[in-house]
Amino acid sequence: MKITKKNGEWVIIIKAISRMAEEKVTLPAKVGYLFTKNKLAISAALEAYEEERKKIISKYSDGGENLTVNKNDDPDKFNEVINAFNEIADIETEIEITPVSLDALEGRDIPMSVMLDLDCMFKED
């Protein structure tokens, strides 16, 4: 099923899938496969977003990942950075997602925050 969300929302979904792995949630092989497949589809669709995000960081950093813009020292430049990040995060991206059955997750110890973040991937049987 195709789902359209803002880039910032897709980033939250990728992080939620990663949190399941970090918390060592045990999933049936097929369900794990579907989450991995969806994560890869989202990552591929967000490549342009990531490239632009890196350009913004590069423009306003010390050459690394650390932004050198400070709200107190230069509020106008700080707002410029925030607006640039918000602009790319607000772009809508349509991604083909393979739905995951809620029944297949029954009895799994998945944090509620993860379930809420992944809500768009679930189907009821």
If a residue has to be closer than 28 Å to N83 by Cα and in contact (Cβ under 8 Å) with a residue 12 or more places away in the chain to count, how many in region 28-58 make the cut? 10
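Residue-by-condition table, conditions (1) hydroxyl-bearing (S, T, Y); (2) crowded, with 17+ Cβ neighbours inside 10 Å; (3) in contact with a Phe, Trp or Tyr (Cβ under 7 Å, 6 or more places away or on another chain):
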| site | (1), (2), (3) |
| --- | --- |
| K24 | no, no, no |
| K30 | no, no, no |
| F35 | no, yes, no |
| N38 | no, yes, no |
| A41 | no, no, no |
| L46 | no, yes, yes |
| Y49 | yes, yes, no |
| K59 | no, no, no |
Is there a residue being outside any strand (DSSP E or B) and under 15 Å from the mean Cα position of the chain (by Cα) anywhere in region 104-114? yes
Condition test on V100, is it touching a residue at least 60 places away in the same chain (Cβ under 8 Å) and under 19 Å from T4 (Cβ atoms)? yes
Counting only residues that are under 17 Å from the mean Cα position of the chain (by Cα) and assigned to a helix (DSSP H, G or I), which one in region 66-103 is nearest to L34 (Cα to Cα)? A89
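Since every read-out is calculated from the coordinates, none of them should be taken as a lab result. In this text the structure is predicted, and so the values were computed from the model without any measurement. Cβ: placed from backbone, ideal geometry, glycine included. Neighbour counts: every protein chain shown.
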